[in-house]
Every structure is written in C-alpha cells, then in structure tokens.
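For reference, the structure discussed in these notes is given below.
A short reminder: the numbers here are calculations on the coordinates, not readings from a lab. Fair warning: this is a prediction, and the values are worked out from it, not measured in the lab. Here the Cβ positions follow ideal geometry from the backbone for every residue, glycine too, while neighbour counts run over all protein chains shown.
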2 protein chains.
Amino acid sequence: MADGTLTTAPVRISILGGLGEIGLNLMALEYGGRAIVIDCGVMFPDEPALGMGVFVPDLAWFDRGTAAIDAIILTHAHEDHIGALPHLLRRARAPVYGTQVTLAFARRRLAEGQFGDPVDFRELVPRRPFDAGPFTIEPISVTHSTPESVALAIRTPAGIVIHSGDFKIDDSPVDGWKFDRERLGQLGDEGVGLLMSDSTNVERTGRTGSESSLGPVLHDLAARTHGRFFLSAFSSHLHRIRQVVEVSRKFGRFVVPLGRRMAESVRLGREIGQLQFGPGFFIEPEEAEFIEPRRLTYLASGSQGEPLSALTKVAADAHPRVHLQPGDVVVLSSRFIPGNERTINRLVNRLYKRGAEVVYDAVAPVHVSGHASRDELSELIALTRPRCFVPIHGEYRHLRRHFELAIAAGVAERNCFLLEDGDSLLVTADGARRGNSVPAGRVAIEGVDAGDPAVVGERRMLASEGTVTAIIVLSAKSGKIVAGPDLVSRGLVSGDGGSVHMRGAREELARRLRAMGTRFGANDPRVKEEIVRSLRHYFSDEIGKRPLVIPYVTEI
Amino acid sequence: MADGTLTTAPVRISILGGLGEIGLNLMALEYGGRAIVIDCGVMFPDEPALGMGVFVPDLAWFDRGTAAIDAIILTHAHEDHIGALPHLLRRARAPVYGTQVTLAFARRRLAEGQFGDPVDFRELVPRRPFDAGPFTIEPISVTHSTPESVALAIRTPAGIVIHSGDFKIDDSPVDGWKFDRERLGQLGDEGVGLLMSDSTNVERTGRTGSESSLGPVLHDLAARTHGRFFLSAFSSHLHRIRQVVEVSRKFGRFVVPLGRRMAESVRLGREIGQLQFGPGFFIEPEEAEFIEPRRLTYLASGSQGEPLSALTKVAADAHPRVHLQPGDVVVLSSRFIPGNERTINRLVNRLYKRGAEVVYDAVAPVHVSGHASRDELSELIALTRPRCFVPIHGEYRHLRRHFELAIAAGVAERNCFLLEDGDSLLVTADGARRGNSVPAGRVAIEGVDAGDPAVVGERRMLASEGTVTAIIVLSAKSGKIVAGPDLVSRGLVSGDGGSVHMRGAREELARRLRAMGTRFGANDPRVKEEIVRSLRHYFSDEIGKRPLVIPYVTEI
C-alpha cells in the first residue's frame, strides 16, 4: 500500500485501446509507481480486403518502465479482450487473472500465439477480492455472451473505481451466473468515485433481452425441421451452444461440431463443465454420414461468411462430409458485423440455392446481443451512483451518446469525461481531471509493415486502379535507350502487353521520351517523372483509370 | 394486335436483370415478333474497393434481332431502373415511356451518358392505357421513394400481366399521388394471369409506414436545433426534400443545396413542380456564409459516406464554404446500404468529432423505406388474385422468401416461379411454364476490362498481398545476366528497395538464379517460374505475404 503522504496523489488511468473503436480494449491504472492492466484485446480490420490482418494495441506505454505491473486482469474470454495477451506478456510479465472460463480461453490464445513461457495464472471468483500493488480488486459477476464474465470494483487510494467489463443485465441467464445487482448496489451505497461502462449498444433503446429467450425459438425451429439442423454461432458463445445441445437432446439429435475452432470450443466447454453432456452425444462428421438427417444437429463456425469457414464450404458444396439437401434448416445465430454484410448476403443466397431453409435475425429472433441497451446502461448508473463517469468500449459516436446518457441519468456534466485512446484521467478522492497524453495506437500483426499507412495507401490504389511497370534500359556510355520502354501491367486491362491499350501506351511513352532528347542518366528524375505522368495521363484518357505507375530505369 | 391463329401461342417474358441482385432491373415481354422492355437499370458494385465502377445489364439479347422493340417503359426515376438507358438506346431504338418525373430524370441520365440522338419520349398518365405492338399497357399509380412511380397492367394475348414496379402502400403520400388500390382490385375482379412483384423488403414483417410519418420527426428536430440543420438524403428523393423544405419554411430557414447532384435535383424538382417554393427560398452556399446558423438548412448529398460527396467534405472540415460548429444537427435520412456501413460509421464519428449532433436511423426514426413489407406484399396478392406469380427485384434469398409468401397467400405452388436472370417464362391463357434460357449477365462500364474476372482477381490479390516486380537484363550474346535481378515493390513492405526484406529477397533470388546455371534465354519459361516461386516463397516465409510477382526478363 502507498504511504500516507501519497494518498492525496491521483490515480492515473491510461487509455491504451478500446475508446474510439470496437476492440483493442486495454487500460492501465497506476499509483505510486505500481500499475494494474485491464484486458488486452485485438481488433479485426476495417477493410479486410486490404490484407491488414489483425490489429493489436501499440504497447509502447509498457516500455517506459515508469510503473511496475502487478496484475493483468481479464474481464472475459472474448478476443477483443484477451487476443493481444501474448504480445503484452512479451513486453511485461505479471500474474494473469481471470475466471476459470476466461483463463481456459487465454491459455488457448497463448498456445496459438506460440507463447511458451510459464505464466502465473490466478483464478478470479466473484465477490472474492484480492490485492495487487496499491489496489484491491473485487470481481463482480455480470452477464454477457460468454460465460463467467465479470465487472471489476477496484479500491484505490482515490476511492472506488468500477469497470463494467462487457455486460448486459440478463435476469434469466442460461447458466445461473447472475448479474450481481445486489453487490453493485452495496458499492453504490458505499460511494463510487468513478464508473467506466460498456458503450457498445448505447444506440439501442429499451433492454437487450435474455439469452434464454432463444430457447423456445430454437425449440420450435428444431421441432419443425425434418432434415438436418445447422446452427452457426461464435465458437466462444458457450451459452448459445449449450442451448442448441439441450434442444438437440430433446429431439434425439446427435451434435456434430464442424470446423476446427468450433470443435475446440466444444471440447473446452466440456472440460470446464460448461457443456455437461455425455460423451456419446457429440459425434464426428465422419460418423454423421451414416446417421439419418433428422437425428443430426451441426454446430458450424463461420456465421460471418469467413472464406475458409465450415459453413462457407457447406454453402459452396465444397465440404467433403456435408452436403445440404432440401429439408435442411440453417440458423445463423449471430449479429451481422458491419462490413461483413455482403459476404454474409452471399452466404445466405448460396445456402438457399442449395435448397436449405435459412433462418437469420431478419426472419426470426435467433440472436440476442450480449451488450446492455440504454435502459440497462441507465440502470447500472442508478445502481452505482458514481461521482465521475467515463464511457468505454465503443467508437467515438457510442462514447459520445453514452456520455450524454450519463448526464441525463444524473451524473454532473463536469464529472463526465469523453476520453479516447491516448488520453489519461487523474482520479482523486474529490473528483477527476484530464491528464497528459500517453502513447497509444494500433499495430497490424499479419504482414510486416502492413499497418504502414503508405503501404496501405498503395494497396488501396492497387485495388481500385491496378498497376503498370515501365522498364527502360539505358546505355551507360551513350545514355541512349537500349531496351524498352516495355510495360507490364496487373489489374488494369485484359491480355497484358498484347492489348491495344498497352501497345498504345507504350508507343505514346516512347514518343514522349524521344521528345525529351537523346541522353538520359538512370538517376535523372525527369525520366521517371515523365514515365509516371505520361502513363497516368494515357490510361486516364483511354480507359478512365489512373494506375499505380512503377518506373524502372537502369543503366548497363 | 396479333391475329386469331396466334392467340394460343405463349407470351415470352425474358428476365434480363434484377432477379438475383438488387439493381440491374430489365425484362422483355415478347409476342409474335414484337416486344416491349420494362426498365433498364444499373447496379452498384459489390466490392467498391476493387474499382469496378457501375454495372449495366449484358444487352446481348437485343442483338438477336428476333423481336422488334415497340416500347421501353420506365416504372420510376431510380438509377437501378433507368441508369442503363443510354446503353440500351445505343442497341435498340424505341419510344421511351415514363411519367413526367421519370422522363425528367431519364433525360438527365441520357445527357450524363452523352447520348445526344433524338429520343421519342412519351409521357405516361395513370389509368390512361396505350398500345405497343400486341400489348396494351395501363400505368397504375403506386407509392415509392421517388415521385410518380407506376405499376403496369399489361393486356397480352395470354391475359393480364401486372408488373408492380417498386412500391409500398402509403396511404398518406406526401404529394397526393396514391397507391391505386381501386384499379388493382378491378383488375383482380377481371382476372390477372400473372403478377410480378417487388421483393426488396420481403424480410420485413408488418407494414413499411408512410413517408409523411417523417414530417413530425423532422419538425421536432428542426424546432430544437439552435445551429444549422443538415439533412442528407438520396437526391432523387423529392418527397423527402419537399418535407425538409416545408419544415425549413416554417422555422424561417433558407435551404442550401450542397453538392452538384443535390443542386440539380432541386432544380429539376422545381422545374417539374414537385418543389413548389418561391425563388428566394433556396440560396447558394456562398450566400449562406452571411446568414446566421439558425436560419439555415443544408440539403447535402453523401448519406452513404461517398468519398467525394459534400457531406464527407463537411465532416472532414474540407468544404470551402461550410464548417460545422457545436449546435449544428446533421440528419442522415437514408438507409445504410449493406457494404457501406464502415464508411458511414467513419462519417458519423467524424461529424460527432466536429461537435455536431448526428441523428440517424438507430437514434430516431428519420428514414422510412420505399418498399413494401410482408403485409403489403400479401395485400397486393389479395387485391389482384393472380393465377401465376413471379417474385422480382431482389437477391435470391428475397425471391425465395417472396415465392413462399405468395404460396402462403393462396397462389398455387405450381403457378409460382422462382426465376433468375437468364430465365424465361412462357405465359398462356391457361397458365405458365419455364422457357429456354436467354442471354443475360452484367458488364462493368468504368474502366475497360474492369469486369474481366482475371483483372478483378489480380486487383483482389494486389489489394491483400501487394506486388513485387523482378527485373533481369540478359546479354543476348552470352546469355548472362548483365543487370539485375532488381526488385521494385508496392503495397508490400515499407521503404521499397532499401528495406531489409527487399535486400534479402534480392540476394535469395540472385542465389537461386546462379544455382540454375549460367545461360538463359529471355523466353526461357524456367527463369520466370523460378522468379515467381523464389519470391513468393521468400515473402511468405519472412513476412507472411504472398505478393503478386511480376517477372520481367529482357535481352539486349
């Protein structure tokens, strides 16, 4: 614990990710040279076509060495909260805290991330506080779309700070793990200095609804399905999987996990007791081939239409073991993530064409979100009655609207802070104020330099306009052209060099170079400039394209 | 009219576009060597990042010359119904029919498409039938998101065929142009052989709601706006524009059209009497700079976040005349078209960051669709009681669900036809049956060959993996390398040739080429193969990328 003379110093909260985007969640609480870290997630790219892979938070903050890390605390098992853990552990070692389910997924993430060093995992149990440096952290059970999610109540020298994690208020949870209203209310009575709360669904009015509301819907769908019953959901959604398995058992259907990730999640869920079903109950795709359709349920990954997923293969009739037939029903039990709509549309159209009936959110209520809607967000504020408020987890517009909701819910406007990645907040016993900027950002982890804006800019241009390379070989002695200009193009016109446009462009370029005179040097910038100008001009006029022109001039 | 002996021959309906996608609407009705064409629309590309421009229907059907075209009939003014008219008129000349508004937009489309030949435009008036070859066509007024939309009742030798156009059933239309329930009911009494109906919103339950329901919402928003009031909508949505202008007049706000297309639509709307407001009422952005914010309404194009649109410029604070301030309100009054969500998200976040309040569908009911929901679709079937049914205008899944809806609404299953582009239907007085395939497809019109799958495939690869060109100059005499290998890359790694990866790749390639021996020919395929193999291998191992490799080998 910090000594008495320091208790009036502020607790610094550094926002390292997740405030300004969906994903990348990461923050640090720091006091007297000691710090704890909450979550460490990845983010999936905005423009998947540009091949940028997955983003992790910029971890430069951890290289400053100004605070020792006493704990890394994971609120739940989703990738946007645990996905960058291997990267963080390579920079900073500390015990990793999480509930049993969260740690099981975190271990899998470390294995995938080829992080082989021993890690000090410590299991979180709701209402059981633990100390880490100057902080005492109490996990509080909340409901969300993955089991054993928690909020955190953090006792600091500047008062109680509550971090909501991702949550909704589900009064009929599938697994009995409750949203702990009582404990949050007690903390509210005691006095909460700061609430940081999940903004993801702030645009939705009312309440989100219980996960268990899906049970009857799935039951009715399974009851009227004469063929095979397919359900696609996120593989970490063990509540959803549990409900499907329960319905399948009722109708005497075996459950077939399809796809590597789904099979792993089922195995994990059974290991940790989230899926308590006998061993003969789950079967392999190979075994399922000999069982009649009405006795089969397939659990498939790929609800976002991911190109290599099991469901995409099934829809294209390219799966070695599974071929759709009329009478089969496919349920897409997940949100259509913005940016994926066209891919999902294509998936749905293909499933229909194979004769299956397809059921998705627009058709029947087969999905329910894991995030709190406006009335639940207001309820959390009413329960905890915080002096200060910071909206977390969201794009700028979500944070802004949650900020406004908090003011409407009674938090003083001067005590509401609209922070973004790279901001910090100084919390004292009397209130809070903005601190200095901290290093924050995002880094692409697939493909070296793929996150470089210049490289991404080139990709964008290549994607929309194509490219043409112009090659000229000069004589070092005479300065004359001894070979070329030759043109090679990709993504621009059909038929490469032989096409009328490529021939026309080459002739035009040769004419321009002749007009420039007879002697060049390979390093003469005028030559490259003329190549770029001439070719962009030509293709713009002729075919309405401005390709990325690569001039190559060499001397021999 | 066809002679008596032919009346038992079928009417052939050829599906040339719009059944299997949203957009590209085009079909032909043919009898005894004469044909009429309904609509001729474009389609916006699935993957805009790949620079494919706009699609038009493949018009090969019109080159067969088996039927003379007596009429081209446009049901309404939207681009997905009139956009390909210049292309069609270059293939086939015929009188072009449309209501006053539709023809005004069609004329603009022809001017934009640089179609300068005289066109025989003929104005449609609801309930006023006209003859075209063996057909008698009666326009029937329907309600939709652009003024003066019509359905068509076509008397053919095989009975009455109804084409719904795009429609919803709006009982309180903004302009008094009604959905003509009465006339459709009379045709139902008389006996309808075939109904073809708009499937766009078949996934929505209930009814779509009236355009005029937006009036009070816009009124309340404008009433509480102290700064400038911005509204962004599709520029052809003259009903929406009319409502905004009415609200603005009420609150003493001048209306400033922003962006070329919006300014043109306002001008067009005033010319044809859809926007009956005095001349001093609309002002230019230049004039608006001297007027206080609370007296200004801006009508902006760009509700989909299009890169060059007025609203995107305003959001980036890059508009020369308009700079957002706190107190300004921006209303996005349109659907978020699938595939555009991320761009729109970025727009909304930027508008918020400039201090504006942003209002969109998730926040308040500021948009209403122009297409019929399920109850309205059922109502149209109940009104017309068709013997046969074909769902039109939609992706496969929409057509499939509309097909099922029609059966549920009482049309015999054997008389419901799930057709797609390239299918034809033979309609007789007794029923209908599938005909032979007809030529159909889509063609990209921006960028020569941009629709070529090979070119598009290259673009996709360039976008996700980048490109590297390898250049080798050989001596024609000795077969030895006299210059190179040199590498030039784009979209792959930072810093081009100087980077450690590019140097490593060049050394690796040089080593491999040396290992192959000393004499090559420039046309020796083994050299190019080795270049591609070696470089893809190197970058895949080193940075997880498989770039598009362009080998260039020349002799001097």
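Suppose every K and R has +1 on its Cβ and every D and E has -1 on its Cβ; what is the size of the dipole of segment B:13-99 about the Cα centre, in Debye to the nearest 20?
Values: 5 positive and 10 negative charges, 92 e Å.
Dipole magnitude for segment B:13-99 comes out near 440 debye.
The label-point distance for A:Ala429 and B:Phe115, in a model that sets each label 7 Å from Cα toward Cβ, rounds to 8.0 nm. Per-residue ellipticity at 222 nm from helix content only, as computed over chain A with -39500 (n - 2.57) for each DSSP H run of at least four residues, stands at -9000 deg cm²/dmol. For segment B:271-359, applying the loop criterion from DSSP together with a ceiling of 12 other beta carbons within 10 Å to the chymotrypsin sites (Phe, Trp or Tyr not before Pro) yields B:Phe290. The distance linking segment B:123-146 with segment B:57-100 is 16 Å (Cα centroid to Cα centroid, whole angstrom).
Identify the trypsin sites (Lys or Arg not before Pro) of segment A:156-241 meeting these criteria: DSSP loop state and at most 13 other C-beta atoms within 10 Å of the C-beta.
A:Arg224
Remark on A:Val482: its backbone amide H falls under 5 Å from those of A:Val473, A:Leu474, A:Ser475, a criterion applied only to residues 5 or more positions apart or on other chains, H modelled at 1.01 Å from N.
Residues in segment A:477-482 carry Karplus couplings, in order, of 6, 8, x, 8, 6, 9 Hz; the curve used is 6.51 cos²θ - 1.76 cosθ + 1.60 with θ = phi - 60°, and Gly or Pro positions show x.
Count neighbours as other Cβ atoms within 10 Å of each site's Cβ, and list the GluC sites (Glu not before Pro) in segment B:365-418 that are DSSP loop with at most 12 such neighbours.
Details: sites: B:Glu376, B:Glu379, B:Glu395, B:Glu404, B:Glu413; in loops: B:Glu395.
Taking segment B:365-418 and a limit of 12 other Cβ atoms within 10 Å, no loop GluC sites (Glu not before Pro) are found.
The Kirkwood radius of segment B:398-556, taken over pairs of alpha-carbon atoms, gives through the Stokes-Einstein law at 10 °C and 1.306 mPa s a diffusion coefficient of 78 µm² s⁻¹.
Could you work out the relative contact order of segment A:359-462? I mean the mean sequence separation of Cα pairs under 8 Å and 6+ apart, divided by the number of residues, in percent.
Relative contact order here is 17 percent.
Descending by average beta-carbon neighbour count within 10 Å, the peptides B:130-139, B:355-364 line up as B:130-139, B:355-364, the highest first.
For A:Phe389, the residues whose modelled amide H falls within less than 5 Å of its own, excluding neighbours fewer than 5 places apart on the same chain, are A:Leu195, A:Cys416, A:Phe417. Across segment A:138-204, Cα pairs under 8 Å and at least six residues apart give a relative contact order of 32 percent.
Give, rounded to the nearest 20 debye, the magnitude of the charge dipole that chain B has about its Cα centre when Lys and Arg contribute +1 at Cβ and Asp and Glu contribute -1 at Cβ.
Numbers: 67 positive and 69 negative charges, 270 e Å.
The dipole of chain B has a size of about 1300 debye.
Among residues other than A:Val411 with Cβ under 13 Å from its Cβ, the summed charge is +1 (Lys and Arg +1, Asp and Glu -1).
Using a 10 Å cut-off around each Cβ of peptide B:463-475, what is the average number of partner chain Cβ atoms that fall inside? Provide the component values of the computation, followed by the final result.
Values: counts 13, 12, 6, 10, 10, 0, 7, 0, 7, 0, 7, 0, 1.
Partner-chain Cβ atoms within 10 Å, mean over residues of B:463-475: 6.
Computed from Cα atoms alone, the Kirkwood hydrodynamic radius reported for segment A:184-273 is 16.2 Å. Note on the protein assembly as shown: with charges restricted to the Cβ of Lys and Arg (+1) and Asp and Glu (-1), its dipole about the Cα centre is near 1660 debye. Normalised by residue number, the volume inside the convex hull of the Cα atoms of the protein assembly as shown is 203 Å³ per residue. Here the protein assembly as shown carries DSSP beta bridges of which approximately 50% are antiparallel, counting only pairs with both residues inside. Over all projection directions, the Cα-based convex hull of segment A:122-214 averages an area of 6.8 nm². In chain A, Cα pairs under 8 Å separated by at least six residues give a relative contact order of 16 percent. With the biggest extent put first, the Cα atoms of chain B measure 88, 72, 46 Å across the principal axes. So how tilted is helix B:396-408 from the main axis of chain B? Cα-based, degrees 0 to 90, rounded to 10. Around 30 degrees separate the two axes.
Per-residue mean of foreign Cβ neighbours for A:349-362 is 3 (Cβ atoms of other chains, 10 Å radius).
Each of A:Gly83, A:Ala104, A:Ala60 was scored by the projection of its Cα onto the charge dipole of segment A:57-114, and the greatest displacement toward the positive side belongs to A:Ala104; charges sit on the C-beta of Lys, Arg, Asp and Glu. Annotation for B:Ser478 and B:His323: the two label points, set 7 Å from Cα along the Cα-Cβ direction, are 6.6 nm apart. The Cα center of segment A:371-443 and the Cα center of segment B:276-310 differ in position by 35 Å.
Over all residues in A:391-401, what is the mean tally of Cβ atoms on other chains that come within 10 Å of each residue's Cβ? Numbers along the way, then the final one.
Working: counts 0, 0, 0, 0, 5, 8, 12, 3, 2, 6, 5.
Per residue, the number of nearby Cβ atoms from other chains is 4 on average.
Would you work out which of A:Ser303, B:Ala222, B:Val473 lies farthest towards the positive end of the dipole of the protein assembly as shown? Charges go on Cβ: Lys and Arg +1, Asp and Glu -1. Farthest along the dipole direction, towards plus: B:Val473. Summary of packing: across the peptides B:523-531, B:421-429, the per-residue average of other C-beta atoms within 10 Å ranks them, highest first, as B:421-429, B:523-531. Considering only the other residues whose Cβ falls under 10 Å of the Cβ of A:Gly441, what net charge follows from Lys and Arg at +1 and Asp and Glu at -1? After counting each charged neighbour, the total is -1.
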